[in-house]
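Here is the structure we will look at, set down as structure tokens.
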Amino acid sequence: MSRRYVIPDRADMQASIRLAEEYGCAFEYNDFFIPEVLGDQGRQEEIIEFYAKYRSDFSQDTMHGAFLDVTIHSSDPLIRDASMLRLRQSMEIASRMGLRGVVFHTGRLGRFRAENYLRLWHEANLRFFSELAEAYPRQQIYMENMFDEAPDVMADLAEAMKGVENFGICLDYAHAALTDCPQQEWVRALAPYIRHMHINDNNWKNDLHQPVGQGKIDWNEYSRLMEEYGIETSVLVEVSGCEGQRMSLEYMEQHKIYPFHQQR
């Protein structure tokens, strides 16, 4: 399994391929969460065929699934059904491509911790993602923190689903850095369940997706936490464009930032 991931740039695939080969990266595709693409199967096929010109084997690659306006725990059946449809469509694309995994968001309202809301969220996600994992056993399903203010709600769901082999957590370390909850608490609480990660930099205020090393996140602390809690998983450098990706990878290699903590 590849430990390093970048987002391919369809406008310059040759540069993306060179960068991926140089740093031993697989791809995570960001083309298929867009509603206009999910609603147009012909467009989906065009994008898949485009990537197939450069890629004969997608089995190490991942993709970001639908997340815009997705609320599978909604009490409104129309919103709930539409949300579930988009997630199933995401999994179907991943299955057709033979991808390793798909990343979804929690869809939670950040900082809204009404007991009944959290109970409904937990029950709906437990039921739906258990069914989705069973329907697509060849793909991993990763749940990513987005507006979540703390890791406890995700950890509770992951613990309830620990018997589902193809379900786990995608810790977005940059999203976690935007919360009042310490980074160590995010890693400690989710460590048993982390199967994938997203990283980029920011100013601790906005989700800027800056190259690693260009913001305020302490990347030496990040690497220390990876070692302390025994995290050995894949990491997407979630930065757009080859220039920013290269800056990130060079910085990580120079400073031995996980997963460059060992020599290539």
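For region 153-194, the set of residues classified as small (Gly, Ala, Ser) and touching a Pro at 6+ places or on another chain (Cβ under 7 Å) consists of ALA189 only.
Of all residues in region 247-264, those that are touching an Asp or Glu at 6+ places or on another chain (Cβ under 9 Å), surrounded by fewer than 19 Cβ atoms within 10 Å (Cβ to Cβ) and over 19 Å from GLN60 (Cα atoms) total 1.
In the set (1) among the hydrophobic types (A, V, I, L, M, F, W, C); (2) open to solvent by less than 60 Å² (accessible area, probe 1.4 Å); (3) more than 17 Å from the chain's Cα centre (by Cα), the condition left unmet by LEU120 is number (2).
Taking the condition within 20 Å of SER240 (Cα to Cα) and among the aliphatic types (A, V, I, L, M), does ALA11 pass?
Considered against the rule, which asks whether it is within 20 Å of SER240 (Cα to Cα) and among the aliphatic types (A, V, I, L, M), ALA11 comes out as yes.
Taken over region 134-174, the criterion of being open to solvent by less than 10 Å² (accessible area, probe 1.4 Å) and in a helix (DSSP H, G or I) is satisfied by MET154, LEU157, ALA158, TYR173, ALA174. The lone criterion from (1) in contact (Cβ under 8 Å) with a residue 40 or more places away in the chain; (2) aliphatic (A, V, I, L, M); (3) open to solvent by 20 Å² or more (accessible area, probe 1.4 Å) left unmet by LEU38 is number (3).
In the set VAL235, VAL239, which member is open to solvent by less than 20 Å² (accessible area, probe 1.4 Å) and in contact with a helix residue (DSSP H, G or I) (Cβ under 6 Å, 6 or more places away or on another chain)? Let's see the steps before the verdict.
Working: VAL235 fails: in contact with a helix residue (DSSP H, G or I) (Cβ under 6 Å, 6 or more places away or on another chain).
Exactly one of VAL235, VAL239 is open to solvent by less than 20 Å² (accessible area, probe 1.4 Å) and in contact with a helix residue (DSSP H, G or I) (Cβ under 6 Å, 6 or more places away or on another chain), namely VAL239.
Residue count for region 97-109 satisfying the condition of being out of contact with any helix residue (DSSP H, G or I) (no Cβ under 8 Å at 6 or more places or on another chain), under 30 Å from SER56 (Cβ atoms) and either open to solvent by 10 Å² or more (accessible area, probe 1.4 Å) or assigned to a helix (DSSP H, G or I) (or both): 2. Looking across PHE112, PHE129, one residue alone is over 30 Å from ARG246 (Cα atoms), aromatic (Phe, Trp, Tyr) and surrounded by fewer than 16 Cβ atoms within 10 Å (Cβ to Cβ). It is PHE112.
Does at least one position in region 176-187 carry a residue that is touching a residue at least 12 places away in the same chain (Cβ under 8 Å) and in contact with a Ser or Thr (Cβ under 7 Å, 6 or more places away or on another chain)? Checked against the condition, which is being touching a residue at least 12 places away in the same chain (Cβ under 8 Å) and in contact with a Ser or Thr (Cβ under 7 Å, 6 or more places away or on another chain), region 176-187 yields no hits at all.
In summary, ASN202 fulfils each of the numbered conditions (1) buried (at least 20 other Cβ atoms within 10 Å of the Cβ); (2) more than 27 Å from GLU131 (Cα to Cα); (3) under 18 Å from the mean Cα position of the chain (by Cα) with the single exception of condition (1).
For region 15-74, the set of residues classified as among the polar types (S, T, N, Q) and within 19 Å of HIS198 (Cβ to Cβ) consists of SER16, ASN30, GLN60, THR62, listed by residue number.
The values are calculated or read from the model by the stated rules, or taken from the named source; none is laboratory data. Remember, it's a predicted structure, so these values are computed and weren't measured experimentally. As a convention, Cβ positions derive from the backbone with ideal geometry for all residues, glycine included, and neighbour counts pool all protein chains shown. Calculation scope for accessible area: heavy atoms of the full protein, side chains included, ligands and nucleic acids excluded. Shrake-Rupley method; radii C 1.70, N 1.55, O 1.52, S 1.80 Å.
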